[in-house]
Amino acid sequence: MVLHDIFSPEDRPVPAGIRRLRTALKFAACFAGGMLYAASLPPLNLTVLAAVCQLPLLLHLKRAGWKSAAAAGWVWSLGWSLFAFRFLREIDPAVPFLLAPVVSLWAAVFAAAVPFLRDHTLLRKGTKVADTQPFGRLLLFSAGTAALFVLVEWTRSRLFTWNDFSVTLWRVPVLLQIAVLTGHYGVNFLVALANAAAASLAVYRSRSVCLTLSGVILLAAAFGFLRLKNPPPQKTFTFSPALIQGNLSQRRHASLARAREALDTYVNATEKLLEQGKKPDIVIWPESAVPLTFYSAYDLEYTLQRSEFGRLTASYQRRVKELCRKWRLPLYIGALDLEDTFSPSEKAGATNSALLIDEKGAVRAKYDKLHRVPFGEYIPFRSLLPGFVIRRIDMGRDLTPGRNANPVNVLPQVRAGTAICYEGVFSYVMRRFAARGANMFIVLSNDAWYPRSSEPEQHLANAVLRAVETGLPMVRCGNNGGSGVVYPDGTFRIVDPTGRHPRPELLRCAAAEIVSVAVPVDPPRTFYVRYGEWFILLLALGVAGWTVFAAADFISGRRALAARLLPGEAPENQERKSL
């Protein structure tokens, strides 16, 4: 009851110093709630904390005006984002402190909207929201608050989706299964409902509402249990790719020696694996495995190169093609490349690509990354930003986005929806691949920007939801961690050359392994793949209806007040008399 005592106002006047202390404690509690949210994510993975992380904020929203509510929402989200995005300090120590206040604006908008809906949904005693509420009104308010939070988070997911509520359950497959119907938004809603259930009991003392909301979560768990126990039957075949994890440092602006080292590392690791006598279906290298442009549309083998880098680039292309010819195997590699232009006069932009090179050494297919990383692969609104800001954040390139979201036929039966690094966590990207006929995913990643943090594990955790939503297996190949297989039920296996099965973020070692995954021949589309973000539309309609209900209550209250006014008397005078 300590939190309740802090958030409940005194019935008698208190000194200004005590009021300021209580206000500070309220915001400190909200910040701590955000920290609980962060603790439920990798690397701590204290999942149970996600069910109560919003409780301090919801306690504050019981009585706060919109300005105080917005501030509390911002502080709560700050407690989450400062720690959930702490890994970004490895790019620049200032990045988490610059990003967190911006990302926290979404929670501030959510919290600012709640007081109006609260005041015109719940019953009041005098000027205060009553401690106990009728079942129907409190159920509407609790479920509506959860729906509103998910809607606001949905708008954020289009810009910067990372570590939302659904990721807190990434190691609880039974609760992830609802995503085949709703996408990960349904999993978000379950966590928000858990917090609403806790608040209905702790704040409003309503066991019935708490049990009702908990019942919805139990139904989702029952659905997940039945789905895991009786997976849908489908015809599959075994796909056995070789995953090469070089464990190299980040080397975007690589010197000649470091670029040559990367090329030698990946060629030699591939050769060593294949010399063991096991033959995979295909060899996969991660994103930007070698920090050189591949020039897939050009044959550099017989081109005169005037610089050492030029000669190394020609060697890069030649050695990759020779590797394919020698072992009669295709390679699927992540590489920097140039976009295909439609006119000789059109300048080709640089792309972050996946190249399929067949057994004869010919580039047979190409996928260019669609969803680039803001400030990493391009600078949004570059022309509008002042020069000193550009110099601070510019990473030396603006990559060109891809234009084609079709799966790549890496083998006759394998139609791979390919995602490069960060774009593999976006639901709309992966759903598009599945809707266009992909029967599996291949994700090429390079998390070398974060050599000491939990980012690789967080990256994997975010990606797990994509496999569940679409019902498709996922093969991941990373440069320094996270390589392995994610299965459609949300379980996963990480390539582990040590044999100790440590946590994914600890697997910072070179690895080359052939994995096997059952790929469906003709997978049925999940409900989510078929109908997309229908659940978000449902929540939007529900919140819209709730807003109309609250607005009607507001209008009827104003009319009732007007009816009590004395003839010719201003409303504010009458309100002053009534007080």
Checking the cross-link filter: which lysines have an alpha carbon closer than 25 Å to that of residue 366, excluding same-chain neighbours under 8 positions apart? 279, 321, 326, 347
Additional length obtainable on full extension of the chain from residue 229 to residue 99, 0.36 nm per residue less Cα span: 42.6 nm
Got a sec to turn the phi values of segment 356-370 into Karplus ³J(HN,Hα) couplings, 6.51 cos²θ - 1.76 cosθ + 1.60 with θ = phi - 60°, whole Hz, x for Gly and Pro? 9, 10, 7, 5, 9, x, 9, 6, 9, 7, 8, 10, 9, 4, 7
Report the dimensions of segment 2-230 along its three principal axes from the alpha-carbon atoms, largest first, rounded to Å. 59, 47, 28
Under a point spin-label approximation (7 Å from Cα along Cα-to-Cβ), what is the residue 208-residue 547 distance to one decimal in nm? 3.0 nm
The chain: antiparallel bridges as % of DSSP beta bridges, rounded to 5, reads 65 percent
From the list (1) 1.18; (2) 1.05; (3) 0.96, can you say which value of Rg/Rh (Cα atoms, Kirkwood Rh) was derived from the structure given? (2)
How far is it, in nm, from the label point at residue 236 to the one at residue 556 when both lie 7 Å from their Cα along the line to the Cβ? 5.5 nm
Hand me the trypsin sites (Lys or Arg not before Pro) from segment 259-338 located in a DSSP loop with no more than 13 other Cβ atoms within 10 Å, in residue order please. 278, 306, 328
For residue 296, enumerate residues with amide H under 5 Å from its amide H, sequence gap 5+ or separate chain, H modeled in the peptide plane. 338
In nm, to one decimal, how far is the modelled label at residue 86 from the one at residue 406, with both set 7 Å along Cα→Cβ? 4.6 nm
Which residues make up the longest stretch of the chain that has no GluC sites (Glu not before Pro) in a DSSP loop with at most 11 other Cβ atoms within 10 Å? 11-274
Expressed in nm to one decimal, what extension gain is obtained for the pair residue 279 and residue 67 from 0.36 nm per residue of sequence separation less their Cα-Cα distance? 69.9 nm
Test of understanding: extend the Cα→C-beta vector of residue 218 to 7 Å, then name every residue of segment 184-199 with backbone N under 16 Å from that spot. 194, 197-198
If the chain between residue 131 and residue 258 were fully stretched, how many nm would it gain, using 0.36 nm times the residue separation less the Cα-Cα distance? 39.1 nm
The answer for the longest stretch of the chain without any exposed chymotrypsin sites (Phe, Trp or Tyr not before Pro) (DSSP loop, at most 10 further Cβ atoms within 10 Å) is 1-301
Which FRET efficiency value, to the nearest 0.05, is calculated for residue 359 and residue 452 with the Förster distance at 41 angstrom and r the Cβ-Cβ distance? 0.55
Less than 25 Å apart at the alpha-carbon level, and either on another chain or at least 8 residues along: which lysines does that give for residue 67? 26, 125, 128
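Computed from the coordinates by the stated procedures, all read-outs in this text should not be read as laboratory data. All values reported here derive from a predicted model rather than from experimental measurement. Quick reminder, even Gly has a Cβ in these numbers, built from the backbone with ideal geometry, and neighbours come from all protein chains shown.
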